[in-house]
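Visitor: Got a structure for you, questions after.
The values are calculated or read from the model by the stated rules, or taken from the named source; none is laboratory data. Predicted model only: the values in this text are computed from it and were never measured. Note that we place each Cβ from the backbone using ideal geometry, even for glycine, and neighbour counts take in every protein chain shown.
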Amino acid sequence: METGRTGQIIKHPIYGKGTIVRVGATFYTIQFPNRGNLDISMRTEGLELLEVEQVEEENEQLDLPMMEKTLRRILSEYSDIQQIVPIGDKWQGGTILLQPADSSLKGKEIPIETFFHKIVMVRDRLRVLEQQINANGKLEDAEKVDLQQYITRIYGSLTTFNVLFKDQAHYFVGEKKS
């Protein structure tokens, strides 16, 4: 069998089609849509290098949801890109003071930007959780809807902090009343 090259599509007898992302001396690192990157020996029985024509013929209709799922997983797994969310102008440089009811105890002062950053991280992690629930193939649709409702309620609980955001587009949105 000829040696594959980076970017070439390969068909594995168990994992299906994947893309070669690295060629080693005796193995390929192959990115499979549902499995991630796997190191596979070049000598694996049934391993088939596909030519562009074969791939196009087998994929007359692109599986866009699968491609989107793969791209989302790659971006979330390998990227530290985070959306920049600005804090409202009036809060910049401000502090939050947590003062206990007992005046003999010392309060805690926190920069608002620090607190705001943590709120944004919670929101981002909720979004990733939401994406993982929606993309999970093992959950039934009813289970996904049930979990999605909990996430919506969490967003609703966090709407108090919308006052800190500069842009309304970044606000938390809970369940909408009809």
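Visitor: Taking the stretch 29-49 only, how many residues are of a type in the set (Ser, Thr, Tyr) and in contact with a Ser or Thr (Cβ under 8 Å, 6 or more places away or on another chain)? Can you show your working first?
Guide: Quick first cut of the stretch 29-49, residues of a type in the set (Ser, Thr, Tyr) only: 29, 41, 44.
Add one more test, that the residue is in contact with a Ser or Thr (Cβ under 8 Å, 6 or more places away or on another chain), and what stays is 41.
So the answer is 1.
Visitor: Take the conditions in contact (Cβ under 8 Å) with a residue 12 or more places away in the chain and within 17 Å of Met67 (Cβ to Cβ) and apply them to Arg35. Does it pass?
Guide: yes
Visitor: Only one of Glu140, Glu130, Glu113 is surrounded by fewer than 12 Cβ atoms within 10 Å (Cβ to Cβ) and of a type in the set (D, E, K, R); which?
Guide: Exactly one residue qualifies, and that residue is Glu140.
Visitor: State yes or no: is Met42 outside the structural domain of Leu126 (by TED's automatic domain parsing) and either in contact with a helix residue (DSSP H, G or I) (Cβ under 9 Å, 6 or more places away or on another chain) or modelled with pLDDT of 80 or more (or both)?
Guide: Answer is yes for this residue.
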